[in-house]
Structure formats: structure tokens, C-alpha cells
There are 2 protein chains.
Amino acid sequence: MTGFELLATDGAARYGRLRTAHGGVETPAFMPVATAGTVKAMMPEAVVAAGAQMILANTYHLMLRPGAERVRRQGGLHRFMGWSRPILTDSGGFQVMSLKALRDIDDDGVTFRSHIDGSRHRLTPERSIEIQRDLGADISMVLDECIAWPCSVDAAAAAMRRSTAWAERSKAAFEHRAGHGLFAIVQGSVFADLRQESAAALADIGFDGYAIGGLAVGEGQARMFAVLEATVPGLPTDRPRYLMGVGKPADLVGAVLRGVDMFDCVIPTRSGRTAQAFTRHGALNLRNARHAEDGRPLDGRCLCPACRTYSRAYLHHLAKAGEILGAMLLTAHNVTYYQDLMADLRDAIQTGTLGAFATQFAAREMRGDLAPL
Amino acid sequence: MTGFELLATDGAARYGRLRTAHGGVETPAFMPVATAGTVKAMMPEAVVAAGAQMILANTYHLMLRPGAERVRRQGGLHRFMGWSRPILTDSGGFQVMSLKALRDIDDDGVTFRSHIDGSRHRLTPERSIEIQRDLGADISMVLDECIAWPCSVDAAAAAMRRSTAWAERSKAAFEHRAGHGLFAIVQGSVFADLRQESAAALADIGFDGYAIGGLAVGEGQARMFAVLEATVPGLPTDRPRYLMGVGKPADLVGAVLRGVDMFDCVIPTRSGRTAQAFTRHGALNLRNARHAEDGRPLDGRCLCPACRTYSRAYLHHLAKAGEILGAMLLTAHNVTYYQDLMADLRDAIQTGTLGAFATQFAAREMRGDLAPL
């Protein structure tokens, strides 16, 4: 099991510390996504330099390529990818469920075809746990059924109850070792009573942490926050809460205000590969011609490799020319921005100033090239 | 002007030191190519860490995007791209001449259409020098006419004589400042008497260095070495000799044996983006399935970021998955390999052991995945 200490609170928001076999993680924490065993366009040492304490890797991608057994034979994912800090792996469920035409789900598990070569695979709660153990995850996730949004209350209830049964099987299959944790996933779409039922059932089973799944699938920020407000109070206070696949900077601030401790999302890395930069003055699109002669750094307060050395004019040039260095620098910047934001949130919680921070944050967000995020 | 000291010789091979406004360069030296103001897939600090002392940037690409005047307004190419060591810029001639259907050459210069947006541009010897000054080059190259191979002796003679006239105009247009040099380019295709005529004419005009152009265009290594043997003895011994656009590792060893001091080529960087790695055991194709379970580094004697941390199995995985990190690591490795090779050549010249080094090198090259390079 993994440890969790709750060290300070500010309203519903929490500052804490998660302990794993590969070290500690201060929360609230944001995990950059290493989909296929690499945080895209970043060396692992740059991910550390950006301040990331933990990353997420995807079971679905790694089971297909290079294969979990191959990763195990190479000494596990930490060694394979040169990352010595904690790793959380998802269960594969979310990606498999997204393969609408290629998968077939039943009470035992899900059968699907690889998007790479069309080969058939089977994922069950037990097999997902086995794969995550082969990968060497510090934190494993239970297999769950994520349904698309919008959905009926009956469909959401059925998927949530199947997920609860799978969570119980996942716990039974999980090999409990010091520093290795298993997190459950609350489901129930946008229906408050289903979310509460899910949270209570999972808390009864007992896990090292509780994720909130099935959000950021198109329901919008207001519904997402409403789900958090309905769900978080039903989760054990002595365990971390993890909002999966979220989100934009304002989503993180709002979720922390509502008691969430952990996040993952591809937005900072994917945006870095599409010429978008998050800054303390709002988000910038570096392809925009107004940056072509701008000698300023992206963000004068940022200490990332992009801001230390390069002008917006150079980053604009790299973006227009489609240069890999543009993706490298903007990804490093965005991951740094997200980590700095989490550090600011942790500081604000510890000093009891989170409300003021959130107000300032919302005002700053309005100033960029792009719609407020 | 730039300085050049000849410090040791071993047969025709030379160990020397070039002095520029941005510092010294030990020769023989290999310049990684920063086509559009970035050594593709590498941070400048990684290029330095790989041992590169000087890079090449392309006038053609930079004049079109972002434009030489824009680079000048941003403080010059060194500042724009975050590179504080010497930069050599080519004249734009080679790339423009390659745009067969899009360019029109006359005795005054060449008119061409941009491959990016079809816009019309004019390059003359004087304009090329102006652009290179705007970029802030430590070493500028004269505009020359590179003709395709194979070609008739008459066509080669006409292009060579036009290039000589342009070299004279380039020298007249060049602003002579301490640490800033202008190199001429010997032409004449594979015809020894034309090469000798070109070398003698350029040496009479007088330049800070002498390049050998128009090679590595399909004529093959044997013809290229024959041209070097016919050309190099006609070049001043007190100036560096630069073989443009060359080459594979064995080309570099052979050219150093024949008295060449400087090189540039996209092979190490381009190969890094296509899953090829140069090693002391020959070249490897990381896509090859035989690397899938290989826990060894690419090259146990290499200190690059790829070899320090990662297995061939991981690099194979990155190559198969098309991950940017694969391009980053293999590029860093290949640039390091090229720099290590140049350092080995410099050491061998200084210790008078170049012949033995070249023999061992040829034997090692036979062992890779790929045809001997």
C-alpha cells in the first residue's frame, strides 16, 4: 500500500504527501502523461527539472507496444524509460472503451482490437492488474467501464455497478506490497446519486486512493465541478483523490478548491506540439503573426529552458517551420507551467490564501491569445 | 578575417586551430547542420555537450523564413537560436541550384521561387554576403554555381569560371572584420584540371579558407577522393580546407587522410530522425526487430544521453512508436559519434598514428546492420 499524510487544508482544498516505493509526491500534484513510456518530446531529466514528481503511463498503449512482458523483462518501466520517480498506470479501460467499433464488453471484461495492427486482445480486471504489475507501477488503477457522455441514468448506473464489481475483483487480484497502491475509480456520469453510491461502495471495499473517472468527456466545466461537489464529500479524507484526465489550468484550480489531490492530462504536452503555450498572462498561440518580432520570453517569471534563452520570435519561427525543437521547448514550458501552478496551489493552501490565489488566477487567464481556459 | 594555425601533420592530414569572433575550433572539425536555425531535435546545450565546436546554418532557408533582416533585428543568429559558438553560413547557392524547375541563373546571379510559398527571390554574390552579414556569420561562403553530376567538361568549366568571378565579387562585397572570415569554393566537378584551375584562381584572389564544393552529389566515394587528391595540393597550406556536405563516417576519415580540415553534413541529424545510429561497431537500424529485447546501450563507449541511460530495446520501441524522444536521443547519439570521431582523428594526427586508426576504423565499420558507410 501507499501512504498518504494530510498536512494542511484551506476550505475543501488539501495539501498532503503521498508515499510510494519510488519516493514521495506532494499534493495537489499534476502527472504529465508518458503514453507510450515517454513524456512526448521531453528527456526524463527535463521532466524532473520541470518539477514533475510523478508521471502517468498508459496500460493500453504499453500492452500493445512493446508489450507488458517485454517491459518486465527489461526491468520494468522505470528502468526501461529512465524514470526513477513514481509512476501511476491507468487500467487501459478508458482507451479501450474509446475504441467504440473495435471493442466488445461483457461482465467479465472487454475484448478489443489493437489500433496498431488489428490484433485481438482481452482485458479483464485481473489481467489489467497483472499488466500494471509487469510494468512496475507504483500506483495501479482498477479496470472500470467508462461510458460516453451524454448517457441515460440507467446506462450510467449499469456501468457504475459493473465498475464496482470489477474494482472488487481488482483488489482481490492486486498483490499488496509496501509502496505499491491500488486506486479505485468512482463512476456514475453526471448523476449525483450514482456518484454517491459509487463512492460509498468503493470506500466500503477500501483502496489506497480514489479516482473520479468519466469526466472531461464533453460535459463541460460546470457539470464537472457539480460532480466533484457531489462526490468528494463521500470519499475517505485519509486517502488521495485523483481526477482523471483533467485538465486545463482553470479546471485544476477549480478541482483543487473542491478537494482534489491529483491530476493527469495530455493538454500541456499535446499543446506543446501544436504551438500553444500556457503563461501567467493567458495562453498564447505561437503561430500567431503578432509574435514574429517579439523579443520577449514567453513568460518572464518562468525558469524553463524555453523562457531562459529564447524569444517569442524564435518560438514563432520554430512553430512556423515545424521544427522538433519548437515542440521540445513548448512542451518543456507547458509542463513547467503546470508544475509551477501546482506548487503555487500547494503554497496557497499552506498559507490559507487559496481563495485570493484563485481570484487572481481567473483575472490573469483572460489576457491571452486564446479563449480563457 | 579568421585565423588558422597549423599545429601538427601526419602525412597529408592536419591538426589545426581556427580562430573566430565566437571562439576557436580545433580541426579536423565536423559542423552539425542547423538548417533553419536549429540543429533538428537538439537543444543547443546538447549540441555543445556532444562536443560540437561550430555549426552550419543555411542562408537559403533563413532568408525565406524568418528572413535575414528579421534575424538581424533579433540580434543575429547566435542570439536568436541561443548558440554562442562559431557559426558558418553557406551562400544559399547549393540549395537554390537544387531547385531545378524553380530557378533561372545568369552571369549576375540567380532568380528563384521559394519552396515554401512560391514567392520570387534574387540571389547575387553581393546579396548573399549581405544576408550572411545580417545573420551574423563567423564564416561566410561565396555564392557559387554548383552543377549537377554527371555533367560535361564544358558545362563544368563554365560553372567553375562563373563561380570564380562570383568569388571575386563576393570578396569585394565582404566587410572585413576581425574574427569574421570569407571562404571561397573550388568547383570543377570530377575534372582534375578544372579543379586545379579553380583552386589556383581562388588562391590568387586570396580567402580566409577554401572549400571544395560540388561533391557528394552522386559521383561516389572513389571519384570524390580522386578529386580531393587533385585539388588539395593546389590549396594554400596556411588556410583551412572545407569539404562541403560530406559525409558518412568513412568519407570523413578518407578526406582527413587527404588533407581536409572541416566538414558539414545532415547525415548524423537526418539519420537520427530515421532510426539509424552510428556506432563503433557499425551503423544500426533501430527499427530492426533484433534490437527489441536487447538490453545493451547503442555503444558501450559512448557518453551521450542515449548511451548513458537507455537500452537498444527502448530505442527500438521509440522508433517503432514514432516518438519524438527517439529522434532526440538518436540525433544526440549520432552528433556525439561524429564529434568523437573527429576528436579521435585529431588525436591520431597529433600522435602520428592516423594510418593505424584508419585501418582499425575500416575493420570496425563492417560489423553493423547496414552496409558499410
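Every read-out reported here was derived from the displayed coordinates using simple, explicitly stated rules and does not represent laboratory data. Treat the numbers as computed from the prediction; the structure is a model and nothing was measured. Here the Cβ is made from the backbone with ideal geometry for all residues, glycine too, and neighbour counts use every protein chain on show.
Sequence gap at least 6, Cα distance under 8 Å: using those rules, report the relative contact order of the stretch B:1-103 to the nearest whole percent.
Once divided by the residue count of the stretch B:1-103, the mean separation gives 22 percent.
Once Lys and Arg get +1 and Asp and Glu get -1 on their Cβ, which of B:Gln276, B:Thr351, B:Ala313 lies farthest toward the positive end of the dipole of the stretch B:272-365?
With unit charges placed on the Cβ atoms, the residue in question is B:Ala313.
At A:Arg301, with labels set 7 Å past Cα in the Cβ direction, how many nm apart are the copies from this one, shortest first?
Label-point distances to the other copies, shortest first: 5.1 nm.
On the first, second and third principal axes, largest extent first, how far apart are the outermost C-alpha atoms of the stretch B:272-365 in Å?
Result, largest extent first: 45, 21, 20 Å.
Which chain A residue hugs the A-B rotation axis most tightly by its Cβ, and what is that distance in angstrom, to the nearest whole number?
Of all Cβ atoms in A, the one closest to the rotation axis yields A:Ile324, 3.
Rounded, prolate or oblate, given the Cα gyration tensor of the stretch A:1-154, with a/c below 1.5 counting as rounded?
Here the stretch A:1-154 falls in the oblate category.
For the stretch A:165-287, report the % of Cα-Cα distances exceeding 18 Å.
Result for the distance tail: 56 percent.
Sort B:327-333, B:274-280 for me by packing, meaning the mean count of neighbouring Cβ atoms within 10 Å per residue, highest on top.
Result, highest mean Cβ count within 10 Å first: B:327-333, B:274-280.
Starting from a label point 7 Å past Cα on the Cβ side, list the distances from B:Thr111 to the same position in the other copies, nm, shortest first.
Copy-to-copy label distances for B:Thr111: 6.9 nm.
Pull out a ≥ b ≥ c, the square roots of the eigenvalues of the alpha-carbon gyration tensor of the stretch B:79-218, then state rounded if a/c is under 1.5, prolate if not and a/b is larger than b/c, and oblate in the remaining case.
Taking the square roots of the gyration eigenvalues as a ≥ b ≥ c, the stretch B:79-218 is oblate.
Work from the charge dipole of the stretch A:3-265 (Cβ charges, +1 for Lys and Arg, -1 for Asp and Glu, about the Cα centre) and give the residue of A:Leu243, A:Gly181, A:Val48 farthest towards its positive end.
Selected residue: A:Val48.
Give the percent of DSSP beta bridges with both residues in the protein assembly as shown that are antiparallel, rounded to the nearest 5.
50
Name the cysteines of chain B that stand alone by the Cβ rule: no other cysteine Cβ under 4.7 angstrom.
B:Cys146, B:Cys151, B:Cys265, B:Cys304
Once every DSSP H run of n ≥ 4 in chain A is given -39500 (n - 2.57) and the sum is divided by its residues, what mean residue ellipticity at 222 nm do you get, rounded to the nearest 500 deg cm²/dmol?
After summing the helix terms and dividing by the residues of chain A, the value is -12500 deg cm²/dmol.
Count charges around A:Ala36 for me, please; just the other residues with Cβ under 12 Å from its Cβ, Lys/Arg as +1, Asp/Glu as -1.
Summing Lys and Arg as +1 and Asp and Glu as -1 gives +2.
Looking only at other chains, what is the average number of their beta-carbon atoms within 10 angstrom of each beta-carbon in A:1-8?
0
Relative to the Cα centre, what is the charge dipole magnitude of the stretch A:3-265, using +1 at the beta carbon of each Lys and Arg, -1 at the beta carbon of each Asp and Glu, and rounding to the nearest 20 debye?
720
Kindly put B:Trp149, A:Trp166 in sequence by how many other C-beta atoms sit within 10 Å of each C-beta, fewest to most.
Result, fewest neighbours first: B:Trp149, A:Trp166.
Just flag the GluC sites (Glu not before Pro) in the stretch B:137-236 sitting in loop per DSSP whose Cβ has no more than 14 other Cβ atoms within 10 Å.
B:Glu175
Whole angstrom only: what separates the Cα centroid of the stretch B:26-97 from the Cα centroid of the stretch B:168-222?
Taking the Cα centre of each part, the stretch B:26-97 and the stretch B:168-222 sit 21 Å apart.
Along the principal axes of its C-alpha atoms, what lengths does the stretch B:3-264 span, in descending order and rounded to whole Å?
44, 41, 33
Determine which aspartates and glutamates satisfy two conditions relative to A:Lys248: a Cα distance under 13 Å, and not lying fewer than 8 residues away in the same chain.
Cross-link targets: A:Asp264, A:Glu365.
How do B:Ser311, B:Ser84 rank when sorted from fewest to most other Cβ atoms within 10 Å of their own Cβ?
B:Ser84, B:Ser311
Just want the answer: with Cβ charges of +1 for Lys and Arg and -1 for Asp and Glu, which residue in A:Gly93, A:Leu77, A:Ser128 is farthest toward the dipole's positive end in the stretch A:3-265?
After comparing all options, I get A:Leu77.
With only alpha-carbon atoms in the gyration tensor, what are the semi-axes of the equivalent ellipsoid for the stretch B:56-130, in Å, largest first?
Listed largest to smallest, the semi-axes of the stretch B:56-130 are 23, 13, 11 Å.
Count the DSSP beta bridges whose two residues both fall in chain A, then state the antiparallel fraction as a percent rounded to the nearest 5.
DSSP beta bridges in chain A are roughly 50 percent antiparallel.
What does the copy distance list look like for B:Gly322, label position 7 Å along Cα→Cβ, in nm and ordered from shortest?
1.3
Can you give the relative contact order of chain A as a percent, counting alpha carbon pairs under 8 Å and 6+ residues apart?
Normalised by residue count, the contact order of chain A is 18 percent.
Determine which lysines satisfy two conditions relative to A:Lys171: a Cα distance under 28 Å, and not lying fewer than 8 residues away in the same chain.
Answer for A:Lys171, where 28 Å is the Cα cut-off: A:Lys100, listed by chain and number.
May I ask you to list the lysines whose Cα is less than 17 Å away from that of A:Lys320, ignoring any residue fewer than eight positions away on the same chain?
The qualifying lysines are B:Lys40.
At a 10 Å Cβ-Cβ cut-off, how would you order A:Arg367, A:Arg127, A:Arg103, A:Arg312, fewest neighbours first?
Ascending number of Cβ neighbours within 10 Å: A:Arg367, A:Arg103, A:Arg127, A:Arg312.
Is the protein assembly as shown best put as rounded, prolate or oblate by its Cα gyration tensor, with a ≥ b ≥ c the root eigenvalues, rounded for a/c under 1.5, and otherwise prolate when a/b is larger than b/c, oblate when not?
Here the protein assembly as shown falls in the prolate category.
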